[in-house]
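A quick write-up on the structure given underneath.
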Amino acid sequence: DSGVTQTPKHLITATGQRVTLRCSPRSGDLSVYWYQQSLDQGLQFLIQYYNGEERAKGNILERFSAQQFPDLHSELNLSSLELGDSALYFCASSADRSSYNSPLHFGNGTRLTVT
Amino acid sequence: SQELEQSPQSLIVQEGKNLTINCTSSKTLYGLYWYKQKYGEGLIFLMMLQKGGEEKSHEKITAKLDEKKQQSSLHITASQPSHAGIYLCGAPAAGNKLTFGGGTRVLVKP
């Protein structure tokens with residue numbers, strides 16, 4: 001058990017809808033990362049927050065947004081969903097603000113299916 | 001942007017045999033992480049290598065970092081069914097992004 005909790009485990013929704021994915025980091029970790037994993041694209045970095053502030057941005061679509069709250073949990077919001085958004089979404093946390101110094105610990109992911 | 005290429009993409013080994021996975025970077029490596037993933041599940045952290053020439057071992061898994069070759073290797077000795085899964089290498093990149101390779105799928109035949 002990595003200590004990172006993601007909810008829900010599975011989500012099935014229709015195109016055009018909006019969903020929210022939730023992540024609780026490991027106790028003591030200040031950084032939260034979001035990744036998308038699909039068969040054709042592999043594991044893609046979306047965004048990182050450190051202690052409530054956006055720290056780094058990757059290939060995140062404008063339809064997607066995220067935030068980290070004062071209690072350090074994070075939410076990833078996906079709107080105007082398309083079939084191609086179907087994927088496994090991972091949250092990871094680490095102690096440090098930089099990925100050079102401490103490993104990321106991953107949750108078990110949320111499997112999103114858009115129909 | 002930094003790209004990580006893993007080879008082979010997949011391999012099947014007989015239980016008890018050794019196996020090696022390579023991860024080659026398009027840019028200088030300043031650190032390298034190895035993870036294991038069971039299908040449809042989260043990534044499990046295996047090892048972190050931070051210096052050129054560094055080698056780490058955990059149980060039957062050994063990883064090395066060759067800075068000059070911009071490459072890392074993961075070696076499993078006397079493979080067991082529990083070693084089956086997808087192995088991914090990840091490296092810090094510009095903008096504090098942790099970039100991952102495409103993964104190597106390992107199947108261990110009993």
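Descriptive notes on the structure:
- Computed from protein heavy atoms with a 1.4 Å probe, the total accessible area buried between A and B is close to 1700 Å².
- Probe 1.4 Å - accessible area at A:Arg55, Å² to nearest ten: 100 Å²
- Integer Hz, Karplus 6.51/-1.76/1.60 couplings in order for the range B:21-36, x for Gly and Pro: 10, 10, 9, 10, 9, 7, 9, 4, 8, 9, x, 8, 10, 10, 10, 10
- Top positive-direction residue, dipole computed over chain A with Cβ charges, set A:Ser24, A:Ser86, A:Thr115: A:Thr115
- Placing +1 on the Cβ of every Lys and Arg and -1 on the Cβ of every Asp and Glu, with nothing else charged, gives the protein assembly as shown a dipole about its Cα centre of roughly 360 debye.
- The mean count of C-beta atoms from other chains within 10 Å of the C-beta of residues in A:50-60, rounded to a whole number, is 2.
- Long-range HN-HN contacts of B:Gly102 with modeled amide H, under 5 Å: B:Gln6
- Within the protein assembly as shown, percent of DSSP bridges classed antiparallel, to nearest 5: 90 percent
- Chain B has equivalent-ellipsoid semi-axes of 23, 15, 12 Å, by the square roots of 5 times the alpha carbon gyration tensor eigenvalues, sorted largest first.
- Within-10-Å neighbourhood charge of A:Ala56 [Cβ basis; K, R +1; D, E -1]: +3
- Take each residue in B:37-45, count the other chain C-beta atoms within 10 Å of its C-beta, and the mean is 6.
- Solvent accessible area, Å² - A:Phe64, 1.4 Å probe, full protein context: 10 Å²
- Using the Karplus relation 6.51 cos²θ - 1.76 cosθ + 1.60 with θ = phi - 60°, the per-residue 3J(HN,Hα) values for the range A:6-11 come to 10, 9, x, 6, 10, 8 Hz, with x marking Gly and Pro.
- Evaluated with a Cβ-only charge set (Lys, Arg +1; Asp, Glu -1), the range A:10-114 carries a dipole of roughly 100 debye about its Cα centre, given to the nearest 20.
- Kirkwood Rh, Cα atoms: Rg over Rh of the range A:9-115: 0.96
- Charge dipole (debye, nearest 20) of chain B; +1 at Cβ of Lys and Arg, -1 at Cβ of Asp and Glu: 60 debye
- Subtracting the Cα-Cα distance of B:Lys109 and B:Thr62 from their residue separation scaled by 0.36 nm leaves 14.8 nm.
- Our coupling estimate for the range B:59-70, obtained by passing each phi through the Karplus curve with A = 6.51, B = -1.76, C = 1.60 and θ = phi - 60°, is 6, 9, 10, 10, 10, 10, 10, 10, 4, 5, 8, 6 Hz, Gly and Pro reported as x.
- The calculated Kirkwood hydrodynamic radius for the protein assembly as shown is 17.9 Å, given to one decimal from all distinct C-alpha pairs.
- Measuring r between the beta carbons of A:Asp1 and A:Ala95 and using R0 = 25 Å, the FRET efficiency lands at 0.90.
The values are calculated or read from the model by the stated rules, or taken from the named source; none is laboratory data. Treat the numbers as computed from the prediction; the structure is a model and nothing was measured. Cβ: placed from backbone, ideal geometry, glycine included. Neighbour counts: every protein chain shown. Areas reflect the complete protein model, heavy atoms only, side chains present, ligands, DNA and RNA absent. Shrake-Rupley method; radii C 1.70, N 1.55, O 1.52, S 1.80 Å.
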